[in-house]
Amino acid sequence: MVRLRRLLASAPPEHSVPLRLWTMVAVLVSVFAVTAHDDFLQQRLTIPVLVVAGFAFSYWRRGKRNWWVKAVLAVLCLEVSRQFLRGVMADPYHTSVPLTVLLLWLQTLHAFDVPARRDLLFSLLSSVILMAVAAAFALDHSFLVYLGLFAFAAVQAMVHNAWQGVAEYAARLPGPRRSVAGGAAAAGPAPGTAAPRTALLWAANHLLVLVLLGAAVVFAFTPRLEGMRLTSLPFSAQRVLLDVFAGRIVNPAYPEGARGPDGAPPPWNPRGYFGFSTTLDLRMRGVLDDRLVMRVRATRAYNWRGMVFDTYTGTGWEIAEARLTQIDGGVPPMTITRRQDESIGYTARTERVVQTFFVEEEQPNVVFAAPLAELLYLAADRVYVDRYGSIRLPGTLRPGDVYSVVSRAWVPQAAQLRAARGPVPTFIAERYLQLPPLPERVVALARRLTEGQPTLFDQVVAVNRFLITAYRYDLSIPHQRRPGDAVDYFLFVERRGYCEQFASAMAVLLRAAGIPARLVTGYTPGTLNPITGLLEVRNSDAHAWVEVFFPGLGWVEFEPTPGFPDTAELGVPASRRWVVQDLLALGRTYARDLAARWPVAARLLDGLVLALWAGLAVTLAVAGGLAVAGARRSLAARAAPQEPTAALAEVYREMCALLARRGFPRGPSETVAEFRARVEAAGPWPEVAAISAAVEGVAYGGDAATPEAVAAARAHLDRVRRRAGSARGAAG
Amino acid sequence: MPTREGAAVLALAGAVFLLATNLLSGLLFVLDALLVSCALVGFATAAWPLRGLAARRRVPGRGVEGEPLAIAVELSARRAGRFLVVEDGWPGARARALVPHVGPGAPAVATLTVVPSRRGRYAVGPVEVACRGMLGLFTLRRRFSAAEAVVVWPATRPLPGAVVESLLPALEGRASGRRTRQAEDVYGVRDYQPGDQFARIHWRSTARRGALVVREYEQPEGPAAAIVLDLDRTQTPARLDAAVRAAASILRLAVQRGADVVLLGWEDGWVAHRGWEAAMDWLAGVRAAAPRLPEVLAALPSDRRAALAVAAAVHRDLPAGVLAVVPAEDVAGEPGFTGFVYAADGTVQAW
């Protein structure tokens, strides 16, 4: 109760201007970091101005009775809370925005009443919470600029706060003013007096460097555990998708469709992937640019499946089935029901994959997600699902849109796949064995690759491996020089091509061998940004792969294009357990790219890396040697004999502590003789008498303490210890 | 030990880590790393200066109740350190001093002023140096072994004029009418010894002998007066302290007037202390462990009794707080006394 009263009691006003200034700067930086997000642009000017005014007002009113200020602030807090509740009730699925606005206003109102140091500390800690909110909203490295500024201001504020705190601590015991002199120290301050500003600034700047370096090391070795166990996943609230397409697929890069006049392929648009349409023309040629199209936060990295094609035409693929299932939006999330082709009893282990997509560039009205999406968090009145499990939206995805998907992805095991056998359901065979008339050599190749393979899985792997090893991935292939089947042209003429050629070849060869297969388009997982933890998906990550049907199991992804990660490598956690692993992997990727483009630079880099390793080894060796030397010195110092007088005093203190535990505490003003007499009155303690006599002789008798006397005293102490121990044992 | 700020930073770091894990937000991990780094640097800057720090203390051997006593602690360091707080003293009299900076080649001396609240003999224990680091997130302490003893004398107060008038005759031996041998009486001559005052050289004998000869004076027969302190074990510590202060005040008066006074008390027998310092040292540590005053006075040795000119005592039969000043001859009998009253702080007033 006393401590509570002390906590609630008024604290003395804080007069330090630097402390107030740096705290205010830290708060301002946190406010700017939060209001950098589009949802808070309204508060970007108002709140900083009010914060500055608040801190100035607090400084002016410090030390005065401010009951009326607190009353006004209390009323304003109620109003702000009312606005928050209103916002939450208007949109209960997006509480983060009104909650953040509430935090901003509470921090602003608090700025008007910070008279004491503890109030400033509270402001500083609140600004850390605002920085955390800003970090949760931020998607790119621009947040690091705010974080750097915040660290600078916060360290300055903490150093000044530490100075004031230690001055108060030093003054807490009663007594006249203390003074310090000598060396480099100035006279010690009474609490509230001015701090040595230059020294503090110097110290704070050096500390900032240490803190930032330490943060880099800590960040690299921070473990990343499985997360995203949220009751509600994020999705954008700003824009509701109006249903303008009624289930049609619209690709902003090919607004007229993926078929040009007279059935010829349309002109190439590097800004969008031609595979996100209802038709996919294998005669398209071009290179996609590297624009960032979306960022993904996911528990596992998968190919982000967009569309499925079931009909091969000889020049490309089409989606034969036009019927769609409409799923109405309402209370999010939307539950995605599967169509016939997906309604198969999966017997393999599945895992929950949570993904949030942050759209950066306009995308077709298709939901990209890991396979077998179950729940969709999206601001739309309805969505459409086709028989292949692809989800179509009422409108295109615009920059700034956010949606989340929970998938139940299947984790196929090789043994399970090998064991798969049995008849293929008719509705699957009818659709996914479809082929136009093919050149005989294609069929013969399919037969040759698959005959003699013991299982279906081995057959599929044989085709897959053949394509990966015998053909080359090349984005510079020319247009098809003669008409005819596109897959035949790829397999026997060109022998190189895009992922569409590889995926089409695999699907066609499998179908020719009687194995149901289909073409899928979407995006590869993207590149992990170790800093933000997001997968960055670029336009050039658009991809095509194959899904193969295994009886009794379902559709399994396969990757036929060389240079792309095998599907067995998918489904792993998006980021590794330790950030340092991701950083090293990123470094290796950059080094590989560098080596491919500039061999000379790569060799230089190799040399630099070697030099760094050598330097690290030397540094570690030197540091290890210094550490060993230091440890030896420290041990030697500890083993060095203590000065005899101090050693004797230590023995006496240990004896008193021992006797205190045995029920003989020495009074604070009890003399050595009095204490000895009291102890001896309770029983014979010749050792106590001997130690006391030695101490008295040194302290008051002018005797010199000798190592022999100390040794004798220690021997007496050991006997006291044994007697005390045996007495306790006897008593027990 | 984390300070309040340190605990807050650690709590925030934990909360941000949980949030970052749940949201899989890399930037939250960065913020968390910053908080953890602050805590680590805060700990390091608190621990670093304490290593390689040495402290030496100089404390006066004596102090007086209620009067400031300066303790000087010299800090020398192998590493630079800031925001150190030196704490020293003993229970009931402790002080802290802030040392803003100490470094190699830049020692600092902190002067702590303690005000002992009570007389006694105190063992001044280890010097404690605390460091909160540059960020104020942790407080680490280090103790430096040092053992000195301080004797705190009781406080004395000037006696009122009326009291002085009444006490002086007794203190100077005039009340008993006894003539004592004076220290000015010459006893004889002897050879000069180094340290003898030149004023004592007997020139006539020196001229005759051809070597320095000095006069040797009579030793005084005994003190002109004695102050008896009642150490009745049944009295409260507060009453004993008041009596001690009163006795010290009277003793000071006697010393100021040049009176030769001895201080007597009962500690398993009569003990006598002569001279200002010896008497005050004894008063600093005296404890109430004696029987009733009349009993111990009855056991006063006869030669002592003869030497007594006055016994100023607290008599059990007197009202509390009354100081009885009695002639020596009346010690064993019915006392004729002049009564005084002393307060808890030892001031003596006429009753």
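The values are calculated or read from the model by the stated rules, or taken from the named source; none is laboratory data. As the structure is a computational prediction, the values presented were derived from the model and not from experiment. Because the Cβ atoms are built from the backbone with ideal geometry, glycine has one as well, and the counts that use them run over all protein chains shown. Calculation scope for accessible area: heavy atoms of the full protein, side chains included, ligands and nucleic acids excluded. Shrake-Rupley method; radii C 1.70, N 1.55, O 1.52, S 1.80 Å.
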Of the residues that make up segment A:539-546, is at least one of a type outside the set (D, E) and touching a Lys or Arg at 6+ places or on another chain (Cβ under 8 Å)? yes
Would you check which residues across segment B:10-41 are open to solvent by less than 50 Å² (accessible area, probe 1.4 Å), out of contact with any Asp or Glu (no Cβ under 8 Å at 6 or more places or on another chain) and more than 8 Å from chain A (Cβ to nearest Cβ) and list them? B:G14, B:A39
Positions within segment B:260-298 being within 24 Å of B:V64 (Cβ to Cβ) and open to solvent by less than 20 Å² (accessible area, probe 1.4 Å), in sequence order: B:V261, B:V262, B:L263, B:L264, B:G265, B:A279, B:M280, B:W282, B:L283, B:A284, B:G285, B:V286
Within segment A:262-313, which residues are in a loop (DSSP other than H, G, I, E, B), among the polar types (S, T, N, Q) and touching a strand residue (DSSP E or B) at 6+ places or on another chain (Cβ under 6 Å)? A:S277, A:T299, A:N303
Do you know which of the residues in segment B:106-122 that are surrounded by fewer than 24 Cβ atoms within 10 Å (Cβ to Cβ) and facing chain A (nearest Cβ under 8 Å) is farthest from B:A155 (Cα to Cα)? B:A106
Of all residues in segment B:73-92 being on the phi > 0 side of the Ramachandran plot and in a strand (DSSP E or B), the one that is farthest from the other protein chains (Cβ to nearest Cβ): B:G89
Looking at (1) at pLDDT 80 or above; (2) open to solvent by less than 20 Å² (accessible area, probe 1.4 Å); (3) farther than 24 Å from B:F29 by Cβ, find the lone condition where A:V622 falls short. (2)
How many of the residues making up segment A:143-153 are surrounded by fewer than 17 Cβ atoms within 10 Å (Cβ to Cβ) and more than 10 Å from chain B (Cβ to nearest Cβ)? 1
Any residue at all in segment A:494-503 that is open to solvent by less than 40 Å² (accessible area, probe 1.4 Å) and farther than 25 Å from A:P371 by Cα? yes
What is the residue count in segment A:516-557 for residues that are within 14 Å of chain B (Cβ to nearest Cβ), among the aliphatic types (A, V, I, L, M) and in contact with a helix residue (DSSP H, G or I) (Cβ under 8 Å, 6 or more places away or on another chain)? 3
Please name all residue pairs, on different chains or six or more residues apart, with Cβ atoms under 7 Å, provided the first residue is in segment B:245-259 and is free of Cβ contacts under 8 Å to residues at least 24 places away in the same chain and the second residue is surrounded by fewer than 24 Cβ atoms within 10 Å (Cβ to Cβ). B:V255/B:W276
Anything in segment A:123-139 that is more than 9 Å from every other protein chain (Cβ to nearest Cβ) and surrounded by fewer than 20 Cβ atoms within 10 Å (Cβ to Cβ)? List them, or say none. A:S126
Does A:A90 satisfy the criteria of being without any contact (Cβ under 8 Å) to a residue 60 or more places away in the chain, of a type in the set (A, V, I, L, M) and surrounded by fewer than 16 Cβ atoms within 10 Å (Cβ to Cβ)? yes
The condition of being free of Cβ contacts under 8 Å to residues at least 12 places away in the same chain, hydrophobic (A, V, I, L, M, F, W, C) and farther than 18 Å from A:G286 by Cα holds, among A:A444, A:A470, A:A462, only for A:A444
Scan B:A95, B:A54 and give me the residue that is at the interface with another protein chain (Cβ under 8 Å from one of its Cβ atoms) and either at pLDDT 90 or above or more than 14 Å from the chain's Cα centre (by Cα) (or both). B:A95
Residues in segment A:194-202: is at least one at pLDDT below 65 and within 11 Å of chain B (Cβ to nearest Cβ)? yes
Given the criteria open to solvent by 60 Å² or more (accessible area, probe 1.4 Å) and away from every other protein chain (no Cβ under 14 Å), does A:P668 qualify? no
